[in-house]
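Undergrad: This is the structure I have questions about; it appears just below.
A short reminder: the numbers here are calculations on the coordinates, not readings from a lab. No experiment lies behind these values; they were computed from the predicted model shown. For neighbour counting, all protein chains shown are included, and Cβ atoms are generated from backbone atoms with ideal geometry for every residue, glycine included.
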Amino acid sequence: MATRRQRIISLLEERDYSPSELARLLDLRGKGATKAVLEDLKAIQRILKREGKVLLIKPAECKNCGFVFKPEIKIPTKCPRCKSEWIEEPRFKIEKK
Ligand SMILES: [Zn+2]
């Protein structure tokens, strides 16, 4: 039985996913679901680093004004430019060597 982190790694080796998409695929529910995925992604980033692989981050974006956030493992709640809360989540993928 693969651990949740191992499952996330195999998913991200195939294509990119947002934290909400991963939570849904892993059957995580409730408020803490995406938060748990973000914690896993941080751990995965450290694991990959040791293996010489890279976690690619497509940064979050404001769907109202197009502001692009920093490529970070978190989901911003509010746009610093237009104050909109309509935010496209960041997307993650594992770079194939
Ligand atoms: Zn904005």
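Undergrad: Based on alpha-carbon positions alone, could you give the equivalent ellipsoid semi-axes of the chain from the gyration tensor, as √(5λ), descending, whole Å?
TA: Values: eigenvalues 117, 50, 21 Å².
So the three semi-axes of the chain are 24, 16, 10 Å.
Undergrad: Something else about it: How far is helix 33-50 tilted off the main Cα axis of the chain, in degrees rounded to 10, range 0 to 90?
TA: 60
Undergrad: What is the gain in length, in nm to one decimal, between S20 and Q6 on full extension, counting 0.36 nm per residue of separation less the C-alpha to C-alpha distance? Please report the intermediate quantities before stating the final value.
TA: Values: separation 14, 0.36 × 14 = 5.04 nm, distance 1.73 nm.
Going from the current span to full extension adds 3.3 nm.
Undergrad: Residues with beta-carbon under 14 Å from that of I87, excluding I87: net charge, scoring Lys, Arg +1 and Asp, Glu -1? Mind dumping the intermediate values first?
TA: Working: positive: K58, K63, K70, K74, K78, R81, K83, R91; negative: E61, E72, E85, E88, E89.
Around I87, the charge tally is +3.
Undergrad: Calculate the length of the line joining the C-alpha centroid of the stretch 77-91 to that of the stretch 17-33, in whole Å.
TA: So the separation of the two Cα centres works out to 19 Å.
Undergrad: Distance in nm between label sites at C82 and V68, each 7 Å beyond Cα in the beta-carbon direction?
TA: The two pseudo-label positions are separated by 1.7 nm.
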